[in-house]
Amino acid sequence: MSSSGSLTEPGGSSPSTSGNHSRKRSSATLESVTDKRVPLACHRCRTKRARCSGDRPICAACTKANEECIWPSGRKRKRTRREMEEEERREREAAFAQSMLESAIRPMSSQFMYSGPTPKDMLSWVSNLPFLISAY
């Protein structure tokens, strides 16, 4: 402490402004982190959201934890907009076909409320299905 009663560091600066190293990294540290980035982490590191060393067949984290190190075969390819739209269209068509089938079967099933359908009745239901599919 100085004679005036304020806290100062030997360099003459106050503790709050000295060093300015609380959360900033030096450029050398950032370069070393980006150099060590691995393209794909093992399953355990991905699950734990931990940084994987990328060492194969066993990464450093799995070695330290004495766990089995399993590597994925590769990353999934991102779907294109066209592929996503195509999948959505197929899902809509499947839902429509399902609703058409249910609406066609519902009136038929009411006539068999107390007795189950016979194989002959089931055959007639199946023979009526093509018009549902072709109409869609």
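A short reminder: the numbers here are calculations on the coordinates, not readings from a lab. Quick caveat, the model's predicted, so the values are computed rather than measured. As a convention, Cβ positions derive from the backbone with ideal geometry for all residues, glycine included, and neighbour counts pool all protein chains shown.
For D55, the residues whose amide H sits under 5 Å from its own are A60, ignoring neighbours fewer than 5 places away on the same chain, with H placed 1.01 Å from N. For the peptides 91-102, 61-72, 76-87, the ranking by mean Cβ contacts within 10 Å, running from highest to lowest, is 61-72, 91-102, 76-87.
Excluding same-chain neighbours fewer than eight residues apart, the lysines reachable from K48 by a Cα-Cα span under 16 Å are K64.
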